[in-house]
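Colleague: I'd like to ask some things about the structure below.
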């Protein structure tokens, strides 16, 4: 019985090893994508600091294009990390929560 269990365990370990090697490149790409997303989120939040900014101001401070800044502000509003603060000219202003 113990021998049979050991064989099943070894077989499962081999399958996991094979699966990891097959998906290594995919997992590496996912990790790189996540790292870039974390960097962008931090850049937007850092750009807001303690003040209020418009999307173009956030984009300039974060060193990203306005479309990306708007996408991140929208996402961060959804998850209650950023809120609308008011309006400056034609643009709404945002601040950290």
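The values are calculated or read from the model by the stated rules, or taken from the named source; none is laboratory data. Please read all numbers here as calculations on a predicted model, not as lab measurements. So basically every Cβ, Gly included, is an ideal-geometry build from the backbone, and we count neighbours across all protein chains shown.
Colleague: Within region 19-71, restricting attention to residues that are over 17 Å from residue 92 (Cβ atoms) and not in a helix (DSSP H, G or I), which residue is modelled with the lowest pLDDT?
Modeller: Applying the filter and picking the extreme gives 50.
Colleague: Continuing with the same structure: Restricting to region 66-94, give me the number of residues that are over 15 Å from residue 41 (Cβ atoms) and in contact with a helix residue (DSSP H, G or I) (Cβ under 6 Å, 6 or more places away or on another chain).
Modeller: 1
Colleague: If you go through region 72-91 one residue at a time, how many are assigned to a helix (DSSP H, G or I) and in contact with a strand residue (DSSP E or B) (Cβ under 6 Å, 6 or more places away or on another chain)?
Modeller: Count: 2.
Colleague: Shifting gears a bit: Would you confirm whether or not region 61-69 contains a residue that is in contact with a strand residue (DSSP E or B) (Cβ under 6 Å, 6 or more places away or on another chain) and within 18 Å of residue 97 (Cβ to Cβ)?
Modeller: no
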